[in-house]
Amino acid sequence: MRHSLSPVLHNAAYRALGLDWVYVAFEVAPGAARHALTSLLLGTLASGILALSFLALSALSGATHVLEIGFHAEHPAEPDNQAALTHLLTTEPTWRADLGDDPRTGAFLGRTTWRRISETWPDADLTGPDIPFEIGVRLVDYIRALEPHRKRV
């Protein structure tokens, strides 16, 4: 986690939008992951928070790596995730005008019980000096396009 740019990217996006949010990475001792995740999930998912993030995935369509950038509904119960996506799909013409044709909707790529409105960037150049900025800008696009239409389910 020490190498992750997620906190930098997310917190810059939140500040740019004037949101009083914070993205925090923290280390977990070996063998304590289940306890840490359970505590985190109970604290965040119980409040109905839906995550907006990016995720590095591997082996998708033969790519070395893939960035998935966008909105993820990550409630514990699949029906809640589907309800969140279904609600956002009712406003698709509005957010699609802002986000373009790249976002795909449906099951999250890493966990089929979650739902997504996101896009993938296969084999993005992760060494480029502008990649954190490009990812951050695209995350802000998603926040601006989807947040006004999102509701707690």
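The values are calculated or read from the model by the stated rules, or taken from the named source; none is laboratory data. Please read these numbers as outputs of a predicted model, since none were measured by experiment. Heads up, the Cβs are rebuilt from the backbone with ideal geometry, glycines too, and the neighbour counts pull from every protein chain shown. For accessibility, only protein heavy atoms count, side chains too; no ligands or nucleic acids. Shrake-Rupley method; radii C 1.70, N 1.55, O 1.52, S 1.80 Å.
For segment 80-153, the solvent-accessible area with a 1.4 angstrom probe is 54 square angstrom per residue. Oblate is the label for segment 76-120, because a/c, from the alpha-carbon gyration tensor with a ≥ b ≥ c as root eigenvalues, is 1.5 or above and a/b does not exceed b/c.
Label zone of Arg144 (point 7 Å out along Cα→Cβ, amide N under 11 Å): in segment 96-124 this covers 98-99. Restriction of the trypsin sites (Lys or Arg not before Pro) in segment 87-135 to DSSP coil positions whose beta-carbon has at most 16 other beta-carbons within 10 angstrom yields Arg111.
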